[in-house]
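The values are calculated or read from the model by the stated rules, or taken from the named source; none is laboratory data. Nothing here was measured: the structure is a model prediction, and the numbers come from that model. Please note: Cβ atoms are built from the backbone with ideal geometry, for glycine as well, and neighbour counts cover all protein chains shown. For accessibility, only protein heavy atoms count, side chains too; no ligands or nucleic acids. Shrake-Rupley method; radii C 1.70, N 1.55, O 1.52, S 1.80 Å.
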Amino acid sequence: MITDVIIIGGGAAGLCAAVYLKQNKPSLTIRILESMPRVGKKLALTGNGRCNISNRNVSLSNYHGNDPQFAEFALKAFDTAKTEEFFASLGIIFKEENGGKLYPYSLQASSVTDALRFAAARLGVEIITDET
């Protein structure tokens with residue numbers, strides 16, 4: 001079988017990328033390669049187990065890297081509204097806390113991890129881990 005997209009790493013970014021691609025291009029065959037025994041393992045531990053997904057006040061002024069143009073492109077291409085829309089499509093709604101911090105309403109990172117894993121499986125993303 002030919003694989004259209006191979007994603008190295010099944011962390012938050014890899015899982016989100018795979019699910020987003022499959023939602024928008026269902027005909028693609030996507031494979032995630034993960035060295036850990038399970039995808040999303042570290043994601044389940046983020047934010048003291050609560051998973052701070054985003055922030056309502058995201059802006060370019062908070063970026064301190066070498067390539068502000070990339071950050072600007074990324075922030076415009078996938079802004080907070082699109083982030084909320086993407087996670088809502090997985091059944092995750094946000095709870096806003098001080099400073100605009102956005103968490104899953106459950107306040108449990110595991111709910112985000114599970115939603116991404118289930119979506120990847122439902123959409124037919126092939127996941128190859130250290131245990132596969």
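A few notes on this one:
- Pairs, first closer than 20 Å to residue 16 by Cβ in the stretch 60-82, second among the hydroxyl-bearing types (Ser, Thr, Tyr) and surrounded by 10 or more Cβ atoms within 10 Å (Cβ to Cβ), C-beta under 7 Å, six or more apart: 71/63; 80/54
- The residue of the stretch 21-39 that is least open to solvent (accessible area, probe 1.4 Å), among those that are in contact (Cβ under 8 Å) with a residue 60 or more places away in the chain and assigned to a loop (DSSP other than H, G, I, E, B), is 39.
- Residues that are in contact with a helix residue (DSSP H, G or I) (Cβ under 7 Å, 6 or more places away or on another chain), surrounded by 11 or more Cβ atoms within 10 Å (Cβ to Cβ) and not polar (S, T, N, Q), drawn from the stretch 56-73: 56, 58, 60, 63, 68, 71, 72
- Matching residues in the stretch 40-55 - criterion: being open to solvent by less than 50 Å² (accessible area, probe 1.4 Å), part of a helix (DSSP H, G or I) and at positive phi: 47, 49
- Residue within the stretch 28-38 that is more than 23 Å from residue 131 (Cα to Cα), at pLDDT 95 or above and in contact with a helix residue (DSSP H, G or I) (Cβ under 9 Å, 6 or more places away or on another chain) present: yes
- Residue within the stretch 89-96 that is free of Cβ contacts under 8 Å to residues at least 60 places away in the same chain, within 19 Å of residue 20 (Cα to Cα) and of a type in the set (Lys, Arg) present: no
- Residue count for the stretch 1-20 satisfying the condition of being farther than 18 Å from residue 92 by Cβ, free of Cβ contacts under 8 Å to residues at least 40 places away in the same chain, open to solvent by 30 Å² or more (accessible area, probe 1.4 Å) and out of contact with any Gly (no Cβ under 8 Å at 6 or more places or on another chain): 5.
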